[in-house]
1. For a quick check of your reading: which strands (runs of 3 or more DSSP E) sit entirely within segment 273-336 and have at least 1 residues that are within 19 Å of the chain's Cα centre (by Cα)?
2. Read through the list (1) crowded, with 20+ Cβ neighbours inside 10 Å; (2) out of contact with any Ser or Thr (no Cβ under 8 Å at 6 or more places or on another chain); (3) among the aliphatic types (A, V, I, L, M); (4) touching a residue at least 60 places away in the same chain (Cβ under 8 Å), then give the number of the only condition that Met113 fails.
3. Can you tell which of Arg30, Arg60 is farther than 19 Å from Cys336 by Cα, among the basic types (Lys, Arg) and open to solvent by 90 Å² or more (accessible area, probe 1.4 Å)?
4. How many of the residues in segment 201-257 are over 20 Å from Ile173 (Cβ atoms), open to solvent by less than 10 Å² (accessible area, probe 1.4 Å) and assigned to a helix (DSSP H, G or I)?
5. Report, by residue number, each residue of segment 45-81 that is assigned to a strand (DSSP E or B) and of a type outside the set (Gly, Ala, Ser).
6. Could you give me the residue pairs with C-beta distances under 6 Å whose first residue belongs to segment 131-146 and is modelled with pLDDT under 95, whose second residue is surrounded by 13 or more Cβ atoms within 10 Å (Cβ to Cβ) wherever it lies, and which are 6+ apart or on separate chains?
7. When the residues of segment 143-157 are filtered to those that are open to solvent by 50 Å² or more (accessible area, probe 1.4 Å) and not in a loop (DSSP other than H, G, I, E, B), which remaining residue is farthest from Glu71 (Cα to Cα)?
Amino acid sequence: MSSDVVTLADGAGGKASRRLVEGLFLEELRNPMLEPLGDAALVAANGTRLAFTTDSYVVRPLRFPGGDIGELAVNGTVNDLAVSGAVPVALSAGFVIEEGFPLDELRELAASMARAARDAGVSVAAGDTKVVERGAADGLYVTTAGIGLLDLRAVLGVDRVRPGDRVLVSGGIAEHGIAVMFARGNLELELDVESDTAPLNGLTAALCALGPELRWMRDPTRGGLATTLNELAAGAGATVVLDEESIPVRDDVRAACELLGIDPLYVANEGKLVAVVAPGSADAALAALRSHPLGAGAVAVGEIRADAEPLVLVDTPFGGSRIVDMLVGDPLPRIC
């Protein structure tokens, strides 16, 4: 650990988060189900293979263009199950509510959560509430957990990734982080960008039909696509090479990132997935993604290469390449 106290960087999904998780929590809680540090733990019980996950949501503001904390909490947990190769079944929800929080607003957020659950085909089957003193919770925090049945058609993992495999992204990146950032009202600018928060289980089910040709999936949330691919490179012991011109970024999102001095590769997404597939199945995987409304913008953005030192490289239009490292922190804190 680089400090004696927790900092905002420790919750940003980058190197500092990794150090906190591996250097403290994994060290104290180590067990075979936790050690892979995936989006969900894989559990076998009475002959049934399950995926189990949990997440907490502290986004500010509670409402933002395209979504709110209730919808985000459902979709985020559904997506962690889905990219682990599971069919989401049920969620739990815990609410930490600040004294004085308006009941009408709480009801609206709960209703939003219910709509998101219906859209994802899951039930919020259990829950809990706690109320804390005024000023102790910034309004509302939500923690969700979820359970799903593993899709037996595909077995996923970084150990299955091979040189030559293709890297696919289901659509334009960086929209959620930019939408939340501008919703905070700290910038005297208007931008018509909405969060991409959405349930990905329809997309992942289509990809699982590829069977063993599907190697690995993740949803690039905190830390963005760059952080997710750095974790892939480290886990697979290989280099991920991206084609910069192929990475899908909306023009207005790119302009906002340039204005803020942020690389869109590091900005959070909440309704996109990244997948690695065998080279011979890349076209079939893209067709499967594009057949779904949430994957209409799916593209191949790179490939896996053997290398002595695992890296994420971006090939630029000018014939050069640059290393995309994992950030220590996140320039956009509390975006989920």
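The values are calculated or read from the model by the stated rules, or taken from the named source; none is laboratory data. All values reported here derive from a predicted model rather than from experimental measurement. All Cβ positions, glycine included, derive from the backbone under ideal geometry; neighbour counts span all protein chains shown. Just so you know, the surface numbers come from the protein's heavy atoms only, side chains and all, with ligands and any DNA or RNA stripped out. Shrake-Rupley method; radii C 1.70, N 1.55, O 1.52, S 1.80 Å.
1. Details: elements: 274-277, 299-305, 312-315, 321-323.
Here the list reads 274-277, 299-305, 312-315.
2. It fails just one condition, (4).
3. On the way: Arg60 fails: farther than 19 Å from Cys336 by Cα.
Answer to the check: Arg30.
4. 2
5. Let us first name the residues in segment 45-81 that are assigned to a strand (DSSP E or B), namely 45, 48-57, 63-64, 67-68.
Thr48, Arg49, Leu50, Phe52, Thr53, Thr54, Asp55, Tyr57, Arg63, Phe64, Asp68 - these are the residues of segment 45-81 that are assigned to a strand (DSSP E or B) and of a type outside the set (Gly, Ala, Ser).
6. The qualifying pairs are Ala137/Val96; Ala137/Glu98.
7. Within segment 143-157, the first condition is being open to solvent by 50 Å² or more (accessible area, probe 1.4 Å), and the residues that meet it are 143, 147, 149, 152-153, 155.
So of that shortlist, the ones also not in a loop (DSSP other than H, G, I, E, B) come out as 143, 147, 149.
Values: Thr143: 12, Ile147: 17, Leu149: 22 Å.
By that ranking, first place goes to Leu149.
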